[in-house]
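Here is the structure we will look at.
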Amino acid sequence: MNNRILSLLSVMALSGSAAAEVAYEFVPNFIQPPPGKETIGNGHGEIAVDSTGKVYVSVQEANAGIQVYGTDGKFIKALPLPQSLHGFVIRKYGDGEFIYAAVLGEQKVIKTDLEGKVLMTIPTSEFPADKVGKGLKLTNCDVAPNGDIYVVDGYGQSHIFVFSREGKFKSVFGGPGEPLKLANAHKIFIDKRFEPARVMICDRGHKRMLHTDLAGNFIGEIATEMRNPSSASFHGELMCVAEIAGNVSVWDKNNKRVADLGTSPKPTNTPGIEPKDWQQGIVTSPHGITFDNEGNILETEWNKWGRVLRWNLKK
């Protein structure tokens, strides 16, 4: 089956005027693994793009917590960050551009420069003791417009913690109880498409996405009955979502699904699909996702060998 047909199969634009305005085309084999490797390495993390267009992908390897690739997909370097780094974002704040990351294996949050130099750490001891005692398992973080850092305990009790820009604890909300009743809130993001900004929660255990305000007050559900949303990214008024059970979706600001990409014929959720069984343009277990600066989509999978897929925005 040729790439043109695969591209058509991997893009399912829904009816309506919004859908007619956005379409994507699959780009095969965009990422070129580091020298001497056939794949990028064990993937269970995130992908992000900096202001210059470089691509950052986390891998579970010693002294290579994040790999950096050029705009052409060629390997540049590995940042010597913790290999259990799970979710991260790249954000401009103040006079610089920084990586903010949740280190799952060490239950801490780090802020680094783009060379991987750690500038700040929020250690386990900074989290409320009663929440730590229930089994803290940090999976992601993001930064609000005022510099506050939001951290989610996505593999634990799904609490969302708020810290000051200096890393001092301020408040906590969410969790399994009322009113949000979260379960496996895998990743959270600050949704700046709205004013004031909102918290967007991938409530993977309930197959839904929802918004709260920055104080944690429920605003509304974005979508339900999804294929387990795991990560998201924003560009203009659009949001792309990695659904770990086998789909990448794109949504407009009105919470309308405007495209599905790479949809697996059968639901998936496993890191064990070997490279020999990969199909061009069809996802296995989407775990992280990002728009690049032009609105193209890159997705990284939960996969022992490591896999990144790319769809370019049709203009």
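The values are calculated or read from the model by the stated rules, or taken from the named source; none is laboratory data. What you see is a predicted model, and the numbers here were worked out from it, not measured in a lab. Virtual Cβ from ideal backbone geometry, glycine too; neighbours counted across all protein chains shown. Ligands, DNA and RNA are excluded from the accessible area calculation, which covers all protein heavy atoms including side chains. Shrake-Rupley method; radii C 1.70, N 1.55, O 1.52, S 1.80 Å.
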Notebook entry, point to check: Of LYS181/LYS266; LYS54/LYS187; LYS181/LYS304; LYS207/LYS314; LYS134/LYS304, which sit over 24 Å apart, Cα to Cα?
Noted result: LYS181/LYS266; LYS181/LYS304; LYS207/LYS314; LYS134/LYS304
Notebook entry, point to check: With labels modelled as points extended 7 Å from the Cα through the Cβ direction, what inter-label distance (nm, one decimal) is found for PHE169 paired with TYR93?
Noted result: 1.9 nm
Item checked: CD proxy at 222 nm, helix term only [per DSSP H run n ≥ 4: -39500 (n - 2.57); per residue of the chain; nearest 500] -> -1000 deg cm²/dmol
Notebook entry, point to check: Going highest first, how would you order 100-112, 51-63, 25-37 by mean Cβ packing within 10 Å?
Noted result: 100-112, 51-63, 25-37
Notebook entry, point to check: Which residue, chosen from THR300, VAL283, GLY216, occupies the Cα position most advanced towards the positive end of the dipole of region 206-311, where the dipole is computed from +1 (Lys, Arg) and -1 (Asp, Glu) charges on Cβ about the Cα centre?
Noted result: VAL283
Notebook entry, point to check: Using a simple spin-label model with points 7 Å from Cα along the Cα→Cβ vector, what separation in nm is obtained for ASN254 and ASP213?
Noted result: 2.5 nm
Margin query: Could you compute Rg(Cα) / (2.2 N^0.38 Å) for region 142-269, with N its residue count?
Written below: 1.02
Checklist line | Highest to lowest packing among 138-146, 160-168, scored as the average C-beta count within 10 Å | finding: 138-146, 160-168
Check: For the chain, which whole-number percentage of the solvent-accessible area (1.4 Å probe, protein heavy atoms only) is attributable to carbon and sulfur atoms?
Finding: 49 percent
Margin query: Need one number: nm distance between label points at THR121 and LYS266, each 7 Å from Cα along Cα→Cβ, rounded to one decimal.
Written below: 4.5 nm
Next item on the list: Might you tell me the accessible area per residue for region 185-315, computed with a 1.4 Å probe and given in Å²?
Entry: 37 Å²
Item checked: Debye, to nearest 20: dipole size of region 204-315, +1 on Lys, Arg Cβ, -1 on Asp, Glu Cβ -> 220 debye
Item checked: Zone of ASN29's modelled label, taken as backbone nitrogen in region 291-315 under 15 Å from a point 7 Å along Cα→Cβ -> 308-310
